[in-house]
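Q: First, the structure itself, so that you have it in front of you.
The values are calculated or read from the model by the stated rules, or taken from the named source; none is laboratory data. Since the model is a prediction, treat every value here as computed from it, not as a measurement. Using ideal geometry, Cβ is built from the backbone for each residue, glycine included, and neighbour counts are taken over all protein chains shown.
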């Protein structure tokens, strides 16, 4: 472990912090920097508080918060019931922070010179293979691991963070926002009861836990802190010094507090190690999923290709039909063949059933022509002409009533008169 707290960019210091590498011991003495210790069953604790109020005793509020947490984490209070499960541990952290809020408010009521004071708080409780983080305000908790870099474990309770959460401001612009100092939750706020957040994360070998006030996170960007820590993982003292120096170079304007803790061994393997020791069944499963994705992609390409080919043929066909300049060969008309068949059927019907002339008499033209006298060539020729003409005008009975056949009926009447004259000549 290693930590440092100073006024830095201000004439007075309102920050406060506390480290405890063994919560089974009652004393809260000074921690030896970079001393390697075994984690006790009650774990280790890091706390950082950033006081607010300036002349209204912001440093008093942060000090009261740290003292309250020390009381809540006394060995006798950390009973087996508290340590029973992650759920009970997280509930205990929440109640401890709420208790610190009440102590600050009580002091403000009893001392008018402290009225309006407040503080942020962030703490990290390392128990077994987990790290539990509780916070209220914009002091932050980070975890760095060589396998995946730097990640922020806390989530600011601030006006700017709400803008980012609501999609009204990009994370890139949030760093330089002029209202980044406005917080929405804190300890000592008489307008509302403290509402801390608590989260649990798995602990990995080579983890470096960082708690800090906004005096550090407000001048060094995420990627800058990540690069500094990555280059100084040998000792926490070197890492703390590097962060401190770089924040000064960046032009710090606030108090700066840094608290560090490195997990050397005994925790879960890092994500990098888990990847290298990945089970054969999991690798097979990943390979199967990749193969399925490949097959699906091939099928999609084939389907799209067939659809495109069908569409191309349809368009080509339509272009061939609609082109007025294209020469087309004459094709036999199926309707014409059908009409010819209908005419033949009508002819057979008229030969078998006979036809009616305008007077209503049935005649058999073919029989009549054969019985005509052969002596008079002119008459015979005339009868043949009648026979031929009568054959051409034969139509079914039902078609006679149509108005369009008036001319045909008149022709039948003329031919009927000619027949009567021929009959008279035969009798003579």
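Q: Which one of these is at pLDDT 95 or above, under 24 Å from residue 14 (Cα atoms) and crowded, with 22+ Cβ neighbours inside 10 Å: 138, 207, 197?
A: None of the others qualify; the one that does is 138.
Q: Exactly one condition in (1) surrounded by 15 or more Cβ atoms within 10 Å (Cβ to Cβ); (2) touching a residue at least 60 places away in the same chain (Cβ under 8 Å); (3) over 37 Å from the mean Cα position of the chain (by Cα) is not met by residue 265; state its number.
A: Here residue 265 clears every test but (1).
Q: Continuing with the same structure: Return yes when residue 95 is modelled with pLDDT under 95, surrounded by fewer than 19 Cβ atoms within 10 Å (Cβ to Cβ) and within 30 Å of residue 40 (Cβ to Cβ) and no when it is not.
A: no
Q: So, one more: Tell me, which residue of segment 266-312 that is part of a loop (DSSP other than H, G, I, E, B) and in contact with a strand residue (DSSP E or B) (Cβ under 6 Å, 6 or more places away or on another chain) is modelled with the highest pLDDT?
A: 267
Q: Name every residue in segment 144-164 that is under 22 Å from residue 259 (Cβ atoms), exposed (fewer than 15 other Cβ atoms within 10 Å of the Cβ) and without any contact (Cβ under 8 Å) to a residue 40 or more places away in the chain, in order of residue number.
A: Selection gives 151 alone.
Q: Looking at segment 165-251, what helices (runs of 4 or more DSSP H) fall wholly within it and have at least 2 residues that are without any contact (Cβ under 8 Å) to a residue 40 or more places away in the chain and in contact with a helix residue (DSSP H, G or I) (Cβ under 6 Å, 6 or more places away or on another chain)?
A: In segment 165-251, 171-174, 236-249 are the helices (runs of 4 or more DSSP H) which contain 2 or more residues that are without any contact (Cβ under 8 Å) to a residue 40 or more places away in the chain and in contact with a helix residue (DSSP H, G or I) (Cβ under 6 Å, 6 or more places away or on another chain).
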